[in-house]
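So the structure is just underneath, and the comments pick up after that.
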Amino acid sequence: MRSVIAMLVVSTMSLTLLACNRAATDPDRGALPDTQQTTAPGGSRAEPTATPRQPTSSLPLLIFLGDSLTAGLGLDPGESFPSLIQARIEREGYRYRVVNAGVSGDTSAGGLRRLEWAMSDGVPQILVVALGGNDGLRGLSPEQLEENLGAIVTRAQQRRVHVLIAGMEAPPNFGADYTARFRAVFPTVAKRFAVPLIPFLLAGVAGNPTFNQSDGIHPNPRGAEVVANLVWDALHPTLSAAHASSR
């Protein structure tokens, strides 16, 4: 874990500036988009609308609720890690439709606001929650992060949706106490609700120029493949269990 923190130190300044820019330019992160994915190609925000969506497929949904890391900011649509998971699902013979509900700049509060919309396009069966990165970048309350993630899991489980949580790390510029409390949120929520946990979504990618775009923050296509493999290893047991329970 110390090595993870050391890698994050390299990009602390750019991370903080990015968070400030997003906060200034994206004040309405909770607005509901009108397309299947909550992002346009390249991870930009889609135009919001209040019009409900109509189901576009009878396949059960595998939803990725996240921020720009999920949206695939700076990547072609087929290169985001949710898209790579969709391709892997098809190769493995599972029948799910992946919904990339990633919105650049989103926080856990924004994800909570978007949850019902994200699950409204069919029959949700699995939800991967990959939020918290922007909470950490902005120094938002770990206690509020825990509350938001808990509410997301509660609402999903009330609908009998299988949930998987992906952990994130906060940059060290807010101090050791903050980073420790932030890091502890994810295993705490996972244990409380008995759901699988990916300890760190960017394990093996964060701080490694080989796997990141020029901003040093967002994975490049090779990095997205590393993330997809990490997510698949954690997701596969849930896919199998959900598949078995649906028979």
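The values are calculated or read from the model by the stated rules, or taken from the named source; none is laboratory data. What you see is a predicted model, and the numbers here were worked out from it, not measured in a lab. Note: ideal-geometry Cβ built from the backbone for every residue, glycine included; neighbour counts use all protein chains shown.
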| request: Could you list, in sequence order, all residues of the range 146-173 that are over 19 Å from A118 (Cα atoms) and either in contact with a Gly (Cβ under 9 Å, 6 or more places away or on another chain) or part of a loop (DSSP other than H, G, I, E, B) (or both)? | output: G167, M168, E169, A170, P171, N173
| task | Name every residue in the range 81-119 that is closer than 10 Å to L61 by Cα and among the hydroxyl-bearing types (S, T, Y), in order of residue number. | result | Y96
| query | Out of all the residues in the range 174-188, is one or more part of a helix (DSSP H, G or I), modelled with pLDDT of 95 or more, of a type in the set (S, T, N, Q) and over 17 Å from S108 (Cβ atoms)? | reply | no
| remark: Per the list (1) modelled with pLDDT of 95 or more; (2) surrounded by 15 or more Cβ atoms within 10 Å (Cβ to Cβ), residue check on A87 breaks on (2)
| request: Could you tell me which of the residues Q157, Q125 is among the polar types (S, T, N, Q), touching a strand residue (DSSP E or B) at 6+ places or on another chain (Cβ under 9 Å) and surrounded by 19 or more Cβ atoms within 10 Å (Cβ to Cβ)? | output: Q125
